[in-house]
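The values are calculated or read from the model by the stated rules, or taken from the named source; none is laboratory data. Computed from a predicted structure; not experimentally measured. Here Cβ is always computed from backbone atoms with ideal geometry, including for glycine, and neighbour counts include all displayed protein chains. What goes into the accessible areas is simple: the full protein's heavy atoms, side chains included, and nothing from ligands, DNA or RNA. Shrake-Rupley method; radii C 1.70, N 1.55, O 1.52, S 1.80 Å.
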Amino acid sequence: MPSARAGAVEESRVHRNNAASRRAVLATTLSLVFVPVAPALAEGAATDLDNVVVTATRTAQTQDQALAAVSVIEREEIERLQPASLPDLLRGRAGISLANNGGPGKATSLFLRGTESDHVLVLVDGVKIGSATSGGAALQDIPVEQIERIEIVRGPFSSLYGSEAIGGVVQVFTRRPQGPFEPNARIAAGSDDTWRAAAGVGGRSAGAVAGGRGGWYALQAAHEATAGIDAYRGTRNADPDRDGYRNSSLTVQGGYRFDERWDGDLRVFQAEGENEYDGGPASESGFTERVVGARLRYAPGTRATFTLSAGTSADLSENYFDGVFNSRFDTRRALGGLQADLGLGSGLLTLGFDWQRDEVESSEDYARDRRINRGLFGQWQQDFGAQSLQASVRRDDDGQFGGETTGSVLWGWDFARALRLTASYGTGFKAPTFNELYYPGYGNPDLGPETSRSVELGLRGEPAWGEWSLNAFQTRIDDMIAYDADFGPFGGPNNIDRARIRGLEAVVDTVVAGWDLRGSATWLDPENDADSAGKVLPRRARQSARIDLDRRFGAFSGGASLTAAGERYDNLANTRRMGGYGLFDLRVGYALAEAWELRLSVDNVFDKSYETAMFYNQPGRTWLLGLRWHPAR
């Protein structure tokens with residue numbers, strides 16, 4: 001590792017152990033864009049700071065200061081890896097397991113640290129997304145061309161965000177400029193009649209580039225279409241044809257810094273399209289995902305910041321069977337929040353209030369179609385020499401099931417040069433969905449929230465050759481919602497299940513013989529604790545790993561990714577087994593000119609057949625050839 005990196009690592013560690021430097025970093029980066037629920041990235045000069053993360057604390061900190069297990073994916077890595085979709089970008093990373101129902105654009109569930117797919121909070125620019133009826137977030141409908149950065153925080157964070165953050169938080173930040181004028185464009189074509197196009201432009205005024213008074217704007221549009229594959233191989237509503245997918249998306253955003261004390265911004269993201277699929281009561285659907293967020297920040301001094309935020313998100317779908325209308329499920333979420341960050345002595349106190357209203361409009365007749373949640377939270381962060389502390393507590397008041405209190409404590413100790421020991425304990429909860437509560441003929445309005453307790457021990461290092469980390473954890477989940485044959489005349493959901501999940505994660509980032517190497521591995525023991533036989537929770541692989549290897553040779557670039565997952569089961573009884581698999585992807589690039597690059601990617605090179613959800617096919621060998629225009633920032 002070059003000596004420059006070693007120096008940067010040591011400088012970062014000095015900052016972390018120095019309370020005054022910490023306050024200086026926070027004072028600079030608290031010009032972050034706070035949108036509903038959580039802050040986004042820094043505006044002005046703050047965007048030039050390396051490794052600043054906000055999701056783990058709802059405040060700005062450098063990544064090595066974070067006491068939680070945090071993974072960050074930058075735009076540079078997205079460009080290098082050339083992923084086909086957001087799920088492909090996340091596949092195999094530490095703590096993550098995915099289940100996909102039939103290829104590109106099909107419903108994809110993300111399991112983080114072995115918890116349920118609806119135990120993961122997903123944010124887009126700080127706004128909570130997902131369906132209030134099913135509980136899941138449509139990750140497959142967020143095009144990678146719209147993404148600037150992703151922060152993945154593993155562990156319970158209900159004490160900062162409320163419901164759903166039992167397994168962790170995934171926050172997606174849309175693309176935004178750093179310089180005065182930044183255009184981009186891309187076209188691509190590939191197997192399965194796949195076509196993609198994207199273009200965007202953004203910029204900052206001279207004052208905004210310098211971190212002072214001024215404005216910024218960004219516009220990004222993308223379209224993709226594919227004939228897809230035959231999604232379903234089972235016998236239920238099977239139709240042996242290709243199941244296509246189309247997605248058109250647009251992001252429009254801008255902001256203005258009025259002076260050193262006031263700034264604000266507005267963001268709008270929308271993706272809409274059509275999807276074809278098999279195996280269910282419908283065969284095609286039209287969908288819309290929409291996120292709107294606004295934020296106003298007031299900083300009367302370097303030791304106090306107040307942020308007012310508001311926003312909405314929508315998950316809209318209409319379903320058809322052979323062209324005949326079948327059902328409609330539209331959910332809309334309104335959010336608001338007020339957050340104060342106050343420097344007290346050598347620590348930082350954060351106080352906040354969140355408000356959320358969920359509404360359902362559907363062809364089904366739900367007994368209740370709206371509910372409101374209010375949350376109050378507080379957090380304290382402080383360094384004590386070589387030790388660091390983060391403690392938070394939150395009280396949520398839900399209009400359906402009442403109140404829930406959660407808390408967490410995280411501790412870190414730099415006990416040796418470039419070595420940090422961390423430990424944490426946290427509780428979480430997940431509110432039942434509208435389907436679980438009120439779906440006609442099935443819902444149980446007496447359901448309570450699922451609750452969790454988690455402990456974690458971690459060790460991380462930043463030697464001259466790179467970075468590495470190890471994290472061991474255990475999560476116990478009580479009152480899990482599962483099907484109860486004794487509920488009602490036909491059975492239904494009830495708080496009857498429990499789970500005990502143990503795991504170990506390993507991450508490494510280094511350079512080997514000039515090749516950039518990033519690797520992660522996860523070992524899980526996700527048991528259904530209500531079953532004396534110790535059955536494994538469905539669709540979670542006990543072992544998974546990912547290795548990315550890349551290098552540039554002058555005008556050429558090349559890389560490969562290997563992702564692997566062990567066997568998994570498709571049902572709670574563990575009677576339907578799916579075998580493990582390994583996938584090998586290749587990518588090459590050639591710089592035609594300073595701003596033009598030709599790229600070719602080949603995924604699943606060895607044409608491996610595998611499943612992540614039983615009876616649902618996955619793509620075989622696929623290729624994509626693209627041309628990208630990206631003037632230097």
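Label Ala530 and Lys608 with points 7 Å out from Cα along Cα→Cβ: what is the distance between them in nm?
3.3
Where the centre of each part is set by its Cα atoms, how far does the stretch 409-486 sit from the stretch 219-265, in angstrom?
The distance from the Cα centre of the stretch 409-486 to that of the stretch 219-265 comes to 28 Å.
With just the Cα atoms defining each centre, how far is the stretch 566-596 from the stretch 96-125? Give it in Å.
If you average the Cα positions of each part, the centres end up 14 Å apart.
Could you calculate the contour length gain from Arg368 to Gln543, that is, 0.36 nm times the residue separation minus the distance between their Cα atoms, to one decimal place in nm? Before the final figure, lay out the partial values.
Values: separation 175, 0.36 × 175 = 63.00 nm, distance 4.12 nm.
Taking Arg368 through Gln543 to full extension adds about 58.9 nm, to one decimal.
Could you give the length gained by full extension between Val252 and Arg417, i.e. 0.36 nm per residue of separation minus their alpha carbon distance, to one decimal place? Walk me through the intermediate numbers first.
Values: separation 165, 0.36 × 165 = 59.40 nm, distance 4.48 nm.
Additional length available on full extension: 54.9 nm.
Let me know the shape class of the stretch 150-207, please: from the alpha-carbon gyration tensor, a ≥ b ≥ c as square roots of the eigenvalues, rounded when a/c is under 1.5, otherwise prolate if a/b is greater than b/c, or oblate. Mind dumping the intermediate values first?
Details: a/c = 4.81, a/b = 1.41, b/c = 3.42.
It comes out oblate by the Cα gyration axes.
What percent do you get for the relative contact order of the stretch 480-585 when only Cα pairs under 8 Å and 6+ apart count? Walk me through the intermediate numbers first.
Details: 234 pairs, mean separation 19.3, N = 106.
Relative contact order for the stretch 480-585 comes out at 18 percent.
Between Thr575 and Arg328, what is 0.36 nm times their sequence separation minus the Cα-Cα distance? Round to one decimal in nm.
Working: separation 247, 0.36 × 247 = 88.92 nm, distance 3.33 nm.
Extending this stretch completely gives an extra 85.6 nm.
Taking the simple approach of a point 7 Å from Cα along Cα-to-Cβ for both Leu296 and Arg357, what is their distance in nm?
For the pair Leu296/Arg357, the computed spacing is 1.9 nm.
Give the share of C-alpha pairs in each 20 angstrom bin for the chain, from 0 to the last occupied bin, in whole percents, shortest bins first.
19, 57, 23, 0
Give the value in nm², to one decimal: projected area of the alpha carbon convex hull of the stretch 326-464, averaged over all directions. Don't skip to the answer; put the middle values down first.
Numbers: hull surface 48.2 nm².
Dividing the Cα hull surface by four gives the mean projection, 12.1 nm².
Can you pull out the trypsin sites (Lys or Arg not before Pro) in the stretch 363-432 that DSSP calls coil and that have at most 15 other Cβ atoms within 10 Å? Kindly include the intermediate steps, with their values, before the conclusion.
Values: sites: Arg368, Arg370, Arg371, Arg374, Arg394, Arg395, Arg417, Arg420, Lys430; in loops: Arg368, Arg417.
Sparse-neighbourhood loop trypsin sites (Lys or Arg not before Pro): Arg368, Arg417.
Which value, in Å² rounded to 10, gives the accessible area of Lys535 with a 1.4 Å probe and all protein chains present?
Approximately 60 Å² of Lys535 is accessible to the 1.4 Å probe.
For the stretch 497-633, what does the alpha-carbon gyration tensor say about shape, rounded, prolate or oblate, given a ≥ b ≥ c as the root eigenvalues, a/c under 1.5 as rounded, and a/b over b/c as prolate?
Values: a/c = 3.31, a/b = 2.11, b/c = 1.57.
Because a/c hits 1.5 or more and a/b exceeds b/c, the stretch 497-633 counts as prolate.
Run lengths n ≥ 4 of DSSP H only: what is the helix-derived mean residue ellipticity at 222 nm for the chain, with -39500 (n - 2.57) per run over all residues, to the nearest 500?
Working: 7 runs with 51 residues, N = 633.
Rounded to the nearest 500, the figure is -2000 deg cm²/dmol.
Let a ≥ b ≥ c be the square roots of the eigenvalues of the Cα gyration tensor of the stretch 118-193; is it rounded (a/c under 1.5), or, if not, prolate (a/b larger than b/c) or oblate?
Working: a/c = 2.86, a/b = 1.57, b/c = 1.82.
Since a/c reaches 1.5 but b/c is at least a/b, the shape of the stretch 118-193 is classed as oblate.
Points 7 angstrom from Cα along the Cβ direction at Ala595 and Leu625: gap in nanometres?
Result for the modelled spin labels: 2.4 nm.
How high is the relative contact order of the chain? Use alpha-carbon pairs under 8 Å, at least six apart in sequence, and give a whole percent.
Values: 1860 pairs, mean separation 77.8, N = 633.
12 percent.
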